[in-house]
Each structure stands twice: as structure tokens, then as C-alpha cells.
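Heads up: the structure comes next, in C-alpha cells.
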Amino acid sequence: MLSGDMEKRQQMKDDLQRCIDAHKDELHSLSRDIWSNPELAGNEKHAHDRLVRFFSQDQTWTVQSHYKLPTAFKASWGPVSGGVGDPVLNVGFLCEYDALPGIGHACGHNLIAEVGAAAAVGLKAALENQTELPLPVKITVLGTPAEEELGGKIELINAGAFADIDLVFMAHPAQQDASFHPCIIIEEMLVKYYGKASHAAAYPWEGVNALDAAVLAYSNISVLRQQLKPDWRIHGIIKHGGEKPNIIPAYTELEFYLRTPLLKDLCDLKAKAEACFRAAAGATGCQVEITAPTPTYYNILPNATLASLYESNGKALGIHFPEQPTSFCGSTDFGNVSFIVPGIHPFFYICTDALNHTEEYTEAAGAEKAQLYTLRTAKALSMTAVDVVCCPDLLKKVRDDFRLAKLKQK
Ligand SMILES: NCCCC[C@H](NC(=O)CCCN)C(=O)O
């Protein structure tokens, strides 16, 4: 690498940091507004409109509201540099913005939106004055709704929204910074029991008790759990448990999440869980219906080159990456994205020891003190993008890592 090239890259990294710092109040008000108006998956109207306004105020962005999904959006900028007809490198940033029922932004998706917006705005500032890049570059920000439910990114993949994107970046709030953490596969099971109502005191023998089936199903799964591998997870709730104590419940509904690191393990777990649900139906005389209401979220594929660039950029900004991150790990529809586009989904500390999906985490995600960490993460992502767009060798390594990681899954 020529020292002039290194200087240019550093200059671009300085430019993007200055730009993100200059917009810090606006960026905080963006995430704070989304935090103050929590919306559930698929209903993120306020967040969608707010993000669309954020990008539309700068007319160099081309903004498409309601892009392929009612609460998704797309903002694009560029290409910059290169000649007409040259292949373009399209760098994607993802914004999530859905909240959880009852506890608002307890997973900090308002901060994910802020990171995506800040990193994109920063990269644009770094690219604006560049005339000699190895490839013409464009930026695409995708607003990807419904991560907590429904799998918005999977719907966007199926609708072709990622077809022309070459690299994809996002980051998720957690308890520690980590350039990679292996989020696991998840599949949902919705279980419905159909019995027969009757007066619970006068004619109980005429009833077929769907609540008994639900309770047995829950217990069967609890018993099964001891025989599962340590990194498998199965957890559920009774969503509908009956109407009134004196009516034998004719209908009950349970929702379960099944998670494993590998797809072949998921098939085993599904078979075991299904046997538990069907046994409960058999024992009570109920009918059972089992469906998967959401598509399967895949595990995240690692990209060693992007992770290592992110770590060196992060360290330059003062981010500490523990040797053995113990950060939380759930599942995400970004996993499916990672199978079709090379990308990273680092985790970041937001100045709290609170755990995701708690009221304390909600409070932390809206707090001023999370801002330093959020914007630092956006800078590290954007700097990583600068490395790749400036250096064809790195781009090649990123693409090789992607192919290798996919091969290893087979
Ligand atoms: N349909 C259920 C999806 C649940 C996703 C949820 N995601 C998160 O908590 C974000 C974590 C990022 N790894 C989960 O329970 O894992």
C-alpha cells in the first residue's frame, strides 16, 4: 500500500468522523424520537416517516418511502467517481426500528437506526470529494422493519431489495463490544388446541379441555429441555388460555421459539417439540394445529476480514473488545442477509449493565450517555466501509471470506 493511499484513507476517516460529530444533536434527536414513540414490528409508521424526513432534508439522497414493505424505506446516494457504465460498488447500511410489546425499545433498535443513518451520512461526507476511487461507489440505506417479529429483512430479500447491494453494515446494542457474535437460528411454532366447551361445574365430563392440553404441552417441553444440547434453546408462552374459570376452555394457543446453532439440529429439535405438542393433544382428546408463522431466521455468517477491519477502526476510536465476549446472543433476520451479501453485525456497549429485553435496557437506549458509544460504533462501521471501498485487495478478501463461510455451512 502506498503511503499516499494510506493518507487518503485516513483523510476520509477524519472527514467522516467530523461529519458525524457535526450531526450529533440531529442524530440523537432522531433516535430519541423513535425511542419516545415505540412501535411494534410492521407498524413502525412514525419511525419510517421520521427516517424518511431525515434523509429527504438533504436533497442529494434519493429517498423511496414505503419501499417494498409499508414501513420500509430506501435512501440512495451516488455513484461517485468512475465513468459511465463502470461497475459500481454499492455499500449498504441497515436501520432497524421496531420495539417490543409492553417495554418499548428494550432491544435498542432506535440506536440501530441512528447507527445506520450516522454511518451512511459519514461515508457520504468521506466520499463527496473523491474523484479517484478504485470503483465508483454508491450508498444505500435500507430501513428494515419487523426484526422482532415477521422477519422484515427476509421479506425484503425475497422482494429483491438486496439484489444490487455489495456489502452490508449494521450494529446492535448489547452489553459489550464485539465485532462478531454467533447469533443462532430461530424458528417459531404456533400451537393451537381445539377442545369442547362445557359448564365446568355442572357438566365437566362433557368438555374437552384445551387448557389441559396447553399445560401438558408446556410441561412436556420443560421435561424435554434437560435432554437438549447446551446451545439449543426452546422457550414459549401460553398466548390464549381460556375465557373464564367456569367454562372448560375450548381453544388455547401457545407460541414457542426453537433455536439451534445449526440447521440440522433445528430439524431434530422441531421433531422432538412436535412430539411433545401432539402427545398433549392425544392425552386430552384435543385437536392440535401446528404452524410456523414466521420464516426461519438463519445464523449470522462471520466475515473475518470485515470483523478485523472493524476491530482496528474501533480500537483507534477507543472501543475495547473483550477477548472472550460474553455478550448476549439471540437471533436476527440479519442472519439471512449474511447468506446473500457479505456483511457485519457487530454488537456495541451502550453504557449500562442492564440486559436486553428489560425495562432498564429501554431506559439506557434512550439515555444521553448511550450517545458516545452509539456514534463511535457508527464511525467504526463507516471507517470499515472506507477501507473496503479504497482497497480492491480488501474487497477481494471480503468476498473470499463470504464464499468460504457459506461453503463451511454445507
Ligand atoms: N420471531 C422472533 C424473532 C426474535 C428475534 C429476537 N431478536 C433479538 O433479540 C435481537 C438480537 C440480535 N441478535 C430474539 O429473540 O433473538
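The values are calculated or read from the model by the stated rules, or taken from the named source; none is laboratory data. All values derive from a computational prediction rather than experimental measurement. Because the Cβ atoms are built from the backbone with ideal geometry, glycine has one as well, and the counts that use them run over all protein chains shown.
Against the condition at pLDDT below 95 and of a type outside the set (Lys, Arg), how does residue 42 come out, does it pass?
no
Could you list, in sequence order, all residues of segment 327-386 that are within 11 Å of the ligand (Cβ to nearest atom), outside any loop (DSSP other than H, G, I, E, B) and touching a Lys or Arg at 6+ places or on another chain (Cβ under 7 Å)?
The one that is within 11 Å of the ligand (Cβ to nearest atom), outside any loop (DSSP other than H, G, I, E, B) and touching a Lys or Arg at 6+ places or on another chain (Cβ under 7 Å): 334.
Go over the candidates 102, 78 one by one and state the one that is under 18 Å from residue 386 (Cα atoms) and surrounded by fewer than 24 Cβ atoms within 10 Å (Cβ to Cβ).
It is 78.
Restricting attention to segment 294-324, and to residues there that are aliphatic (A, V, I, L, M) and in a loop (DSSP other than H, G, I, E, B), which single residue is farthest from the ligand (Cβ to nearest atom)?
317
Can you name the residue in segment 115-160 that is in a loop (DSSP other than H, G, I, E, B), among the hydrophobic types (A, V, I, L, M, F, W, C) and within 16 Å of the ligand (Cβ to nearest atom) and is also farthest from residue 51 (Cα to Cα) among such residues?
This residue is 150.
Mind listing whichever residues of segment 36-62 are of a type outside the set (Phe, Trp, Tyr), surrounded by fewer than 23 Cβ atoms within 10 Å (Cβ to Cβ) and in contact with a strand residue (DSSP E or B) (Cβ under 8 Å, 6 or more places away or on another chain)?
39, 40, 52, 56, 60, 62
Show the residue pairs that are 6+ apart or on different chains and have beta-carbon atoms under 9 Å apart, the first residue being within segment 146-157 and within 19 Å of residue 256 (Cβ to Cβ) and touching a residue at least 60 places away in the same chain (Cβ under 8 Å), the second being more than 11 Å from the ligand (Cβ to nearest atom) and among the hydrophobic types (A, V, I, L, M, F, W, C).
As it stands, the answer is 148/40; 148/99; 149/40, since those pairs meet every condition given.
Exactly one of (1) of a type outside the set (S, T, N, Q); (2) assigned to a loop (DSSP other than H, G, I, E, B); (3) farther than 30 Å from residue 309 by Cα is unmet by residue 58. Its number?
So the condition that residue 58 fails would be (3).
Quick check: anything in segment 239-255 within 16 Å of the ligand (Cβ to nearest atom) and surrounded by fewer than 15 Cβ atoms within 10 Å (Cβ to Cβ)?
Yes, segment 239-255 contains at least one residue that is within 16 Å of the ligand (Cβ to nearest atom) and surrounded by fewer than 15 Cβ atoms within 10 Å (Cβ to Cβ).
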